[in-house]
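Right, one structure below, let's go through it.
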Amino acid sequence: QLDTGGRNGSNVTVNLPKSVQENIITNKIVNTIVVVDKPDIRIGMDLETVQEINRQANSDVNITANRTDSSRLTGDARNAIGDRPVFDLNVNYSDKKVSSFGSGNISIAIPYTPKTGENPENIKAVYVGSDAKLQWIEGSYYDSAEKAVRFSTSHFSTYGVGYKQELPSFADISSHWAKEDIEFVMSKGLLGGTSEAAFEPDTAMTRGMFVTALGRLAGADLESYKKSSFADVRDNAYYMSSIEWASKNSIVNGMGNGKFAPDQLITREQMSGIMQNYAKATGFILPELYAENIFADSSRISAYARNAVKQMQMAGIISGRNGNLIDPQGTATRAEASAVIRRFVELMN
């Protein structure tokens, strides 16, 4: 067993000298355990792994475990890992790396204590590739006795602790164009099914539900909003505190006459306006990724929403319908709302 000698920090190195490698190979030691002390990552290397390291490097090597900033992750990786541990694991020699261990196998244990409410069965190891894409590691599991996530691999890279929340399996989204968008908003707890059996992706979205999803996305502290400012929003309605939060933060406006119309179906131009206001409230500058598209029905966009629709379209957050129509007064479906939220979140990240 090799260890760091008690060094503490987020960047830890263990030296594996060439002489030690050769001793392991000569004596056919079938398992060598490297302990990266504090954070106490345990790395078990079989004989084939040490042989491959020795073949590639033919010199002393350093095994490093560098704790990385999980806030720099993007997309699915950030959603799965959150603020849980994530490490760059490397075997270095000179200015090179041994990243693949051929037929060798490495077992890794990353210490982790589940948060309140986390089901240990949902805690898995994840691999983040050079393209920032996330892969769940098959066979990984949480060892409750050792309080560590265990997995095996044949290469080093970026590995972390992820939480795999099992999502409901809705038959009505299995072949839907917005399946991944819907799974995204469900995984973040922004929207759920309309029943235990269905999501109803092509059903129209209400104004109250859309604003509720944004409140959840923002992680807004809704406890302080006890009373409604709108005549048609009851104090005990599920969407009341979200609407109040959005109103006080200039994300939404009423419909006039002191009303909000929470149960009215949200139009595509209304959704664009709300998302533009949400971007302003969060300090996010919407990028211009695409040229402005003049839709066949652009003249039907209400004056108040023209700039919002333009910004949403140029940022790639909202797209037209068949026939190059933006359909500004058309109602937004639950699938379209899911796609808009996911695209916005991924741009922010």
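For the pair Glu292 and Ser154, what calculated FRET efficiency results from E = 1/(1 + (r/R0)^6), where r is the Cβ-Cβ distance and R0 = 30 Å, to the nearest 0.05?
On the way: r = 49 Å, r/R0 = 1.63.
Given R0 = 30 Å and the Cβ-Cβ separation, E is 0.05.
With r as the distance between the Cβ atoms of Glu166 and Ala198 and R0 = 25 Å, compute the FRET efficiency 1/(1 + (r/R0)^6) and round to 0.05.
Taking R0 as 25 Å, the efficiency between Ala198 and Glu166 is 0.90.
Run the accessible area of region 74-138 with a 1.4 Å probe and give the carbon-and-sulfur part as a rounded percent. Don't skip to the answer; put the middle values down first.
Details: 1410 of 3300 Å².
Result for region 74-138: 43 percent of the exposed heavy-atom area is carbon or sulfur.
So how far apart, in nm, are the two label points at Ser144 and Ser107 if each is 7 Å from Cα heading toward Cβ?
The modelled label-to-label distance comes out at 2.0 nm.
Pairs of alpha-carbon atoms within less than 8 angstrom and 6+ residues apart define the contacts here; what relative contact order does the chain have, in percent? Don't skip to the end; give the middle numbers.
On the way: 624 pairs, mean separation 42.0, N = 349.
Relative contact order here is 12 percent.
For the full complex of protein chains and a 1.4 angstrom probe, list Glu180, Glu244, Glu196 by accessible area with the highest value first.
Most to least solvent-accessible, the answer reads Glu196, Glu180, Glu244.
What are the semi-axes of the equivalent ellipsoid of region 234-320, taken as the square roots of 5 times the eigenvalues of the Cα gyration tensor, listed largest first and rounded to whole Å?
26, 16, 10
For the chain, which longest stretch is free of loop sites, where a loop site is one of the trypsin sites (Lys or Arg not before Pro) that DSSP puts outside H, G, I, E and B and that has at most 10 other Cβ atoms within 10 Å?
Here the longest segment lacking exposed loop sites spans 29-225.
Which of (i) 133; (ii) 161; (iii) 176 is the computed volume of the Cα convex hull per residue in Å³ for the structure on display?
Given (i) 133; (ii) 161; (iii) 176, the structure-derived one carries the label (iii).
Please give the per residue accessible area of region 141-296, computed with a probe of 1.4 Å over protein heavy atoms only, in Å². Spell out each step's value before the answer.
Values: 7870 Å² over 156 residues.
Computed with neighbouring chains in place, this is 50 Å² per residue.
Taking the Cα centre of region 270-349 as origin and charging only Cβ (+1 Lys, Arg; -1 Asp, Glu), how large is the dipole, in debye to the nearest 20?
Here region 270-349 has a charge dipole of around 140 debye.
Quick one: longest stretch of the chain between exposed loop chymotrypsin sites (Phe, Trp or Tyr not before Pro), exposed meaning at most 14 other C-beta atoms within 10 Å and loop per DSSP?
1-176
Given R₀ = 51 Å, what would the calculated FRET efficiency be for Asn307 paired with Ser94, taking r from the Cβ atoms and rounding to 0.05?
0.35
For region 71-163, which GluC sites (Glu not before Pro) pass both filters: DSSP loop (anything but H, G, I, E, B) and at most 16 other C-beta atoms within 10 Å?
Sites meeting the loop and neighbour criteria: Glu118, Glu138, Glu146.
What is the magnitude of the charge dipole of region 206-325 about its Cα centre, with +1 placed on the Cβ of each Lys and Arg, -1 on the Cβ of each Asp and Glu, and no other charges, expressed in debye to the nearest 20?
Rounded to the nearest 20 debye, it is 120 debye.
Could you check how many percent of all C-alpha pairs in region 17-114 are farther apart than 22 Å?
For region 17-114, the fraction of Cα-Cα distances above 22 Å is 37 percent.
Once you have the Kirkwood Rh of region 82-127 from its Cα pairs, apply Stokes-Einstein at 37 °C and 0.692 mPa s and quote D in µm²/s.
240 µm²/s
Can you show me the helix-derived [θ] at 222 nm for the chain, built from DSSP H runs with n ≥ 4 at -39,500 (n - 2.57) apiece and divided by the number of residues, rounded to the nearest 500.
After summing the helix terms and dividing by residue count, I get -8000 deg cm²/dmol.
Using the basic label-point model (7 angstrom from Cα toward the beta carbon), what is the Arg234 to Ser130 distance in nanometres?
Rounded to a tenth, the inter-label distance reads 5.9 nm.
Before I look further, what does region 307-349 give for accessible area per residue, probe 1.4 Å, in whole square angstrom?
Working: 1500 Å² over 43 residues.
Ligands and nucleic acids excluded, the result is 35 Å² per residue.
What percent do you get for the relative contact order of region 191-261 when only Cα pairs under 8 Å and 6+ apart count?
29 percent
Where a ≥ b ≥ c are the square roots of the eigenvalues of the C-alpha gyration tensor, would you call region 106-177 rounded, which needs a/c under 1.5, or, failing that, prolate if a/b is larger than b/c, or oblate?
In terms of gyration-tensor shape, oblate.
In debye to the nearest 20, how big a dipole does region 177-263 give about its Cα centre with +1 on each Lys and Arg Cβ and -1 on each Asp and Glu Cβ?
Details: 9 positive and 12 negative charges, 82 e Å.
Dipole magnitude for region 177-263 comes out near 400 debye.
What's the angle, to the nearest 10 degrees (0 to 90), between helix 207-218's Cα axis and the longest principal axis of the chain?
The helix 207-218 is inclined about 30 degrees to the chain.
Quick check: with the 1.4 Å probe, what order do His155, His176 take by accessible area, largest first?
In descending accessible area the options line up as His155, His176.
The values are calculated or read from the model by the stated rules, or taken from the named source; none is laboratory data. Owing to the predicted nature of the structure, the values given are computational and were not obtained by experimental measurement. Positions of Cβ are backbone-derived with ideal geometry, glycine not excepted, and every protein chain shown enters the neighbour counts. Protein only, heavy atoms only, side chains kept; ligands, DNA and RNA dropped before computing areas. Shrake-Rupley method; radii C 1.70, N 1.55, O 1.52, S 1.80 Å.
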